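What follows is a single structure, written as structure tokens, with notes after it.
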Amino acid sequence: MRCQITRDPDLAAEFLRDGKVVALPTETVYGLAGVATNPEAVARIFAAKQRPEFDPLIVHLADFDDLPLVAACCPPEAQRLMERFWPGPLTVILPRQSTIPGIVTSGLPTVGVRLPNHGLTRDVIRRAGAPVAAPSANLFGRLSPTRPEHVLNQLGDVIDLVLDGGPCTIGVESTIVQFENEAAIVVRPGGLPLEDIRQICPNAIRRVSTESITPSAPGLLPSHYAPRTPIQTCKAVADIPLPASGERWGLLSLTSVESPGYQQMEVLSARGDLIEATARFFETLHQLDHGQLDRIVAVKFPDVGLGVALNDRLMRAAAAFDAHATP
Ligand code: TXA
Ligand code: MG
């Protein structure tokens, strides 16, 4: 493995200034960062992730005042949301500044911008001297990383450095909001629940997209966030299927359930707390994926608050399986 692991923000900043890609911790998931104004560094991100170039990247700032480096202007709704929820798990889609190369935005006239709530990483971005473009630090379509070892497992042979900031506190990607006719539209549910956004923008809505390829919302590809083990979902505890005989099945659920015949059972929060469950979600899927199982069954979450983002990830993780499942 060629990848180094460090806790030194100076070293990470030096790598970034040299045009290398570095995995950086954030409060949501680990990101694979390169200086946003360096098209070659950004190209290395796409190559390392094997990510198609129609899928634009989010640009991460060190400080709120850096927004004009990235965005040409900002509607009042966006301004209010950023003032309330930045730093935090909110990405806003804004008209792009001309200094942001087309490879970052996949040629779109807009750019996704985020101010992460992670002091160490903001320090690195500050020392790097420019905002960084960073998708989640996983191979395209696979499980998102919430610990340094998740990054090393998927990308250790193709990237140079991981900045170790420990486990991510939120555990699911940022909520992405775009603005149309002065209305806020959630295009990807994430770490900031729609209910919270509505406290600032009462008319905010979620737009559900299941299009196969869309330049405006590629994180919404139907098959995404997937473990290698086949995964299926079930609507409720009462619908948990019996494992096929002779097979090793694993179960993922919010609270503990009776489930005879399962080899591995993972409960995300014994007290049913969606914040705790979100923080453990990807980590637990990584564990199940390494459990030599024939199948993972995941019970859907309550469709409120962070449960909306978790159900979105489950649906996309299970899309490949569900598409081939007999009805
Ligand atoms: O929490 C997060 O958002 C993490 C951390 C690393 O910050 N990043 C992340 O990046 O989830 P990624 O690449 O896995 O997802 C970024 C999503 C993609 O679906 C992309 O299409 C969308 O953001 N996006 C980026 N720029 C966009 C734009 N101009 N218009 C619409 N969607 C955009
Ligand atoms: Mg991703």
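Each value in this text was obtained by applying a stated rule to the coordinates, not by laboratory testing. Note that the structure is a prediction, hence the values are computed from the model and not measured. Cβ coordinates were reconstructed from backbone atoms using ideal geometry, including for glycine residues, and neighbour counts include every protein chain displayed.
Could you pull out the trypsin sites (Lys or Arg not before Pro) across segment 228-327 that fall in loop regions by DSSP (anything but H, G, I, E, B) with no more than 13 other Cβ atoms inside 10 Å?
The qualifying sites are Arg228, Lys235, Arg271.
Mind checking the alpha-carbon convex hull of segment 109-219 and giving the volume per residue in Å³?
Per residue, the Cα convex hull of segment 109-219 comes to 147 Å³.
Which whole-number percentage describes the relative contact order of the chain, with Cα contacts under 8 Å and a sequence gap of 6 or more?
20 percent
What is the magnitude of the charge dipole of segment 82-133 about its Cα centre, with +1 placed on the Cβ of each Lys and Arg, -1 on the Cβ of each Asp and Glu, and no other charges, expressed in debye to the nearest 20?
Dipole magnitude for segment 82-133 comes out near 60 debye.
For the Cα atoms of the chain, what angle does the longest principal axis make with the long axis of helix 119-128, in degrees from 0 to 90, nearest 10?
Computed tilt is about 40 degrees.
Can you list residues from other chains, or at least 5 along the same chain, whose modelled amide H is less than 5 Å from the amide H of Ile231?
Ile296, Phe321
For a footprinting-style exposure proxy, rank His150, His290 by other Cβ within 10 Å, fewest first.
Ascending Cβ contact count within 10 Å gives the list His290, His150.
Which of Ser223, Ser174 comes first, and how do the rest follow, when ranked by fewest Cβ neighbours within 10 Å?
In order of increasing Cβ crowding within 10 Å: Ser223, Ser174.
Would you list Asp55, Asp8, Asp157 from fewest to most Cβ contacts within 10 Å?
Lowest to highest Cβ neighbour count: Asp157, Asp8, Asp55.
Would you please name the GluC sites (Glu not before Pro) within segment 232-327 that are DSSP coil residues with at most 10 other C-beta atoms within 10 Å of their C-beta?
Here the GluC sites (Glu not before Pro) that fit, given the DSSP loop and packing criteria, are Glu258.
What's the local net charge at Thr91, with K and R +1, D and E -1, over the other residues with C-beta under 10 Å away?
+1
Where in the chain lies the longest segment free of chymotrypsin sites (Phe, Trp or Tyr not before Pro) that are both loop residues by DSSP (not H, G, I, E, B) and have at most 16 other Cβ atoms within 10 Å?
With a cap of 16 other Cβ atoms within 10 Å, the longest stretch comes to 141-327.
Per DSSP H run of n ≥ 4, the term is -39500 (n - 2.57); total these for the chain, divide by its residue number, and report the mean residue ellipticity at 222 nm rounded to 500 deg cm²/dmol.
-8500 deg cm²/dmol
Multiplying the sequence separation of Arg198 and Gln79 by 0.36 nm and subtracting their Cα-Cα distance, what value in nm do you get?
Full extension from Arg198 to Gln79 adds 41.4 nm.
Enumerate the amide H contacts of Leu192 below 5 Å, restricted to partners 5 or more residues apart or on another chain; note that Pro and chain-start residues carry no placed amide H.
Answer set, sorted by chain and number: Thr175.
How would you classify segment 221-297 from its alpha-carbon gyration tensor, with a ≥ b ≥ c the square roots of the eigenvalues: rounded for a/c under 1.5, else prolate if a/b is greater than b/c, otherwise oblate?
In terms of gyration-tensor shape, oblate.
Let me know the charge dipole size of the chain about its Cα centre in debye, to the nearest 20, where only the beta-carbon of Lys, Arg (+1) and Asp, Glu (-1) is charged.
260 debye
Take the alpha-carbon centre of segment 66-83, take the same for segment 257-327, and report the distance between them in whole Å.
Cα centroid to Cα centroid, the span is 35 Å.
For segment 58-185, with only Lys/Arg (+1) and Asp/Glu (-1) charged at the beta-carbon, what is the dipole magnitude about the Cα centre, in debye rounded to 20?
The calculated dipole for segment 58-185 is roughly 20 debye.
Spelling out what I want: for every residue of segment 105-110, take phi, set θ = phi - 60°, compute 6.51 cos²θ - 1.76 cosθ + 1.60 (Karplus), and round to whole Hz; glycine and proline get x.
Result, ordered by residue: 9, 6, x, 6, x, 10 Hz.
Quick one: give the max-minus-min coordinate of the C-alpha atoms of the chain along each principal axis, largest first, in Å.
Projected onto its principal axes, the Cα set of the chain covers 58, 49, 34 Å.
Rounded, prolate or oblate: which fits segment 1-67 when a ≥ b ≥ c are the square roots of the eigenvalues of the alpha-carbon gyration tensor, with rounded for a/c under 1.5 and prolate only if a/b beats b/c?
Verdict is rounded for segment 1-67.
Could you tell me what a quarter of the Cα convex hull surface of segment 1-137 works out to, in nm² with one decimal place?
Mean projected area for segment 1-137: 7.6 nm², to one decimal.
Would you mind telling me which residue in Leu242, Leu61, Leu194 has the biggest mean-square fluctuation in a Gaussian network model of the chain, where springs connect alpha carbons within a distance under 10 angstrom?
Largest GNM mean-square fluctuation: Leu242.
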